[in-house]
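See structure below.
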Amino acid sequence: MVALVSPHQEMYPVTCASAVFGYHGPDIPQHYDFTLCAERPGIIRTTMGVNVVVERGLEALAEADTLLIAGWCVGPEISPELGEAVLAAHTRGMRIMAVCSGVYVPASLGLLDGRTAATHWELTADLAARFPRIRPDASVLYVDHGDVATAGASATTVDLCLNQVRREHGAALAMRIGRQLSAAPHREGCQRQYPELPTTGPVPGSLAPLLDWIIANLDDPLTVEDMAARSGLSRRTLSRHFTDQLGVSPGRWLLDRRMAGARALLEETDLSVETIARRVGLSSAVNLRRHFHAALNTTPAAYRRSFR
């Protein structure tokens, strides 16, 4: 197992992988050697404010069975030398595991074309624009295609690595390693990752009074017609302003605010789902559950359990 690191490396996914694939004492079989490599070996700056010394270069890929790309902080473009080394190793049978922005490496090489890739929600739009043949999914923890696996966020690195142990050496060993790390019980890749709560974002001056009024009256059953009447515009003109200035329709913006409010109340309070639904203007628990499932593919109760 080799982890490819780059300048300004985030160390959390690297240390997570090392914890899974490293030494666990004499009672747990060790099937992996774990090492680091870099396109340019030497001193690598990290986001921790300290340096790490990486002794091995791309030649390490020719010897490894698995490559972990623990983020790729130098940008989405990769050098021809790196591309050739990764492709040669992949052709030889090396498995690639890409975490967060590390997805840009296999994506650039066409290894994810026609496939779904677990993607951090901040990277979804950019990945889709750069690589239209890839299906980015910001809702799942990880996606494993066998030869290439992707994880959306750094915190899912342990899940992704334990999944590899389970594939190669069985669930019992993965469970023993996970228990020693005090990791959560096995989480399938299809479990959810949740984007941050949406905010109103930068507010255009012409819409600011209307948006402030909507937020102040979110518990009312507002409609797009109510919003248009409040702003003194026709529904069509209001929709054009929202699309031009905020990138979404008025109805979409309003529903996003309602969902953000519901998520915050589920995370921070013990209010019933029925009460939360009324407070955010969704009228009933049934309505809230329907929108929650459509937006996050989960239930309010399951969401609350994940955060409380």
Checklist entry - Which length gain, in nm to one decimal place, applies between Ala208 and Ala264 when the Cα-Cα distance is subtracted from 0.36 nm times their residue separation? => result 17.9 nm
Checklist outcome for this item: Sorted largest first, the Cα spans of segment 240-290 on the principal axes come out in Å as 38, 20, 14
Checklist outcome for this item: Ranking Val273, His293, Val224 by how far each Cα lies towards the positive end of the charge dipole of segment 208-307 (+1 on Lys and Arg Cβ, -1 on Asp and Glu Cβ), the top one is His293
Item to check | Estimated inter-spin distance, Asn217 and Asp65, nm [label 7 Å along Cα→Cβ] | outcome: 6.5
Item to check | Ranking of Val14, Val53, Val248 by count of other Cβ atoms within 10 Å, fewest first | outcome: Val53, Val248, Val14
Checklist outcome for this item: Checked segment 23-169 with the C-alpha gyration tensor, a ≥ b ≥ c its square-rooted eigenvalues, rounded below a/c of 1.5, otherwise prolate if a/b is larger than b/c and oblate if not; verdict rounded
Checklist outcome for this item: The whole-number value in µm²/s of the Stokes-Einstein translational diffusion coefficient for segment 81-128, with Rh from the Kirkwood sum over alpha carbon pairs at 10 °C and 1.306 mPa s, is 140
Next on the checklist: To make sure I understand, if each residue's beta carbon is the centre and we count other beta carbons within 10 Å, what order do Met11, Met97 fall in, fewest to most?
Outcome noted: Met11, Met97
Checklist entry - Using the Kirkwood radius built from alpha carbon pairs, what does the Stokes-Einstein equation give as D for segment 208-307 at 37 °C and 0.692 mPa s, in µm² per second? => result 232
Next on the checklist: At most 12 other C-beta atoms within 10 Å and a DSSP loop state: those are the exposed GluC sites (Glu not before Pro) I care about. Give me the longest piece of the chain that has none.
Outcome noted: 197-308
Next on the checklist: Can you show me the helix-derived [θ] at 222 nm for the chain, built from DSSP H runs with n ≥ 4 at -39,500 (n - 2.57) apiece and divided by the number of residues, rounded to the nearest 500.
Outcome noted: -13000 deg cm²/dmol
Checklist entry - Which of Gln30, Val105, Gln164 sits farthest toward the positive end of the charge dipole of the chain, with +1 on the Cβ of Lys and Arg and -1 on the Cβ of Asp and Glu? => result Gln164
Item to check | Kyte-Doolittle mean at least 1.0 and Cα axial length at least 30 Å: DSSP H helices in the chain | outcome: none
Checklist entry - Between (1) 1.14; (2) 1.32; (3) 1.19, which matches Cα Rg over 2.2 N^0.38 Å calculated for the structure shown? => result (3)
Item to check | Simple Cβ-charge dipole of the chain, Lys/Arg +1 and Asp/Glu -1, about Cα centre, in debye nearest 20 | outcome: 980
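Every read-out reported here was derived from the displayed coordinates using simple, explicitly stated rules and does not represent laboratory data. None of the values given here were measured: they were computed from a predicted structure. Note that we place each Cβ from the backbone using ideal geometry, even for glycine, and neighbour counts take in every protein chain shown.
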